[in-house]
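Each remark here refers to the structure printed beneath this line.
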Amino acid sequence: MRDGGGELVRLEYRTAPSPHLYPVSKIKLGAQLDRDPLVHRGRVVLATSDRKLQLLGAADLQLVANVDLPAAATAGPWAVGNRVLVETGRKQLVCLDPADNLKVLWTSEINGHSVAGSPLSVDGRLLVAFDDGRVVVVNSADGQFGRSVELGQPVALGPRAYGKKILVSSIDGTLYRIESLLAAEPADGSGSE
């Protein structure tokens, strides 16, 4: 929990002497948070206004790793599988490894369009929706963009899996099935549908 005084506080529910929330640990933040904290695999990921991404222990809020971002975080951070993604400056999508002290694995240019909702990992690939209505398959190993589809209107929520169906919601509530993006690449090598 963030308080108004620039501290991040970990609370624990206790029942004695009466039910209450007890502050177990806290840290003073050196900079304001640009985005909501992300809790992922026993760690807390913070994107701060001084262009840093910080990794803290969830139990004690002690700093584990700290990395400079190319620009301020404008969306995310998101936990996608065993990685963390963050959009910076509405220009780049950055993939980091929280198990390796937030090592930057790759950076991809996103051309001024913001990521819409959390990306989805499917069979080693990422599905990323952008606010302009584009949905792209991204190679999770190197960040290269593959096949894409233009939905024709802005996207409200990122891709979600429902059984074998993968859906994206536009701002008017229309649901689009996009699992065809994950089909094998066409023989001519074209990347768009």
How large is ³J(HN,Hα) for each residue in the range 111-117, as worked out from phi by the Karplus curve 6.51 cos²θ - 1.76 cosθ + 1.60 (θ = phi - 60°), to whole Hz, x for Gly and Pro?
-> 6, x, 10, 7, 5, 9, x
Of the accessible area of the range 1-146, computed with a 1.4 Å probe and all protein chains kept, carbon and sulfur make up a percent value of 46 percent
Across 10 Å bins beginning at 0, the whole-percent shares of Cα-Cα pair distances in the chain come to 9, 33, 30, 19, 8, 2, 0, 0
With every protein chain kept in the model, how would you rank 130, 145 by accessible area, 1.4 Å probe, largest at the top?
-> 145, 130
Measuring with a 1.4 Å probe in the full set of protein chains, what accessible area per residue, in whole Å², belongs to the chain?
-> 52 Å²
Quick one: which residues, 5+ away or cross-chain, put their amide H under 5 Å from the amide H of residue 52? H built at 1.01 Å from N.
-> 69
By average C-beta atoms within 10 angstrom, highest first, the peptides 66-72, 85-91 | 85-91, 66-72
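The values are calculated or read from the model by the stated rules, or taken from the named source; none is laboratory data. Note that this is a predicted model, so its numbers are computed, not measured. Reconstructed Cβ throughout: ideal geometry from the backbone, glycine too, with neighbour counts over all protein chains shown. Just the protein is used for accessible areas: all its heavy atoms, side chains included, with ligands, DNA and RNA removed. Shrake-Rupley method; radii C 1.70, N 1.55, O 1.52, S 1.80 Å.
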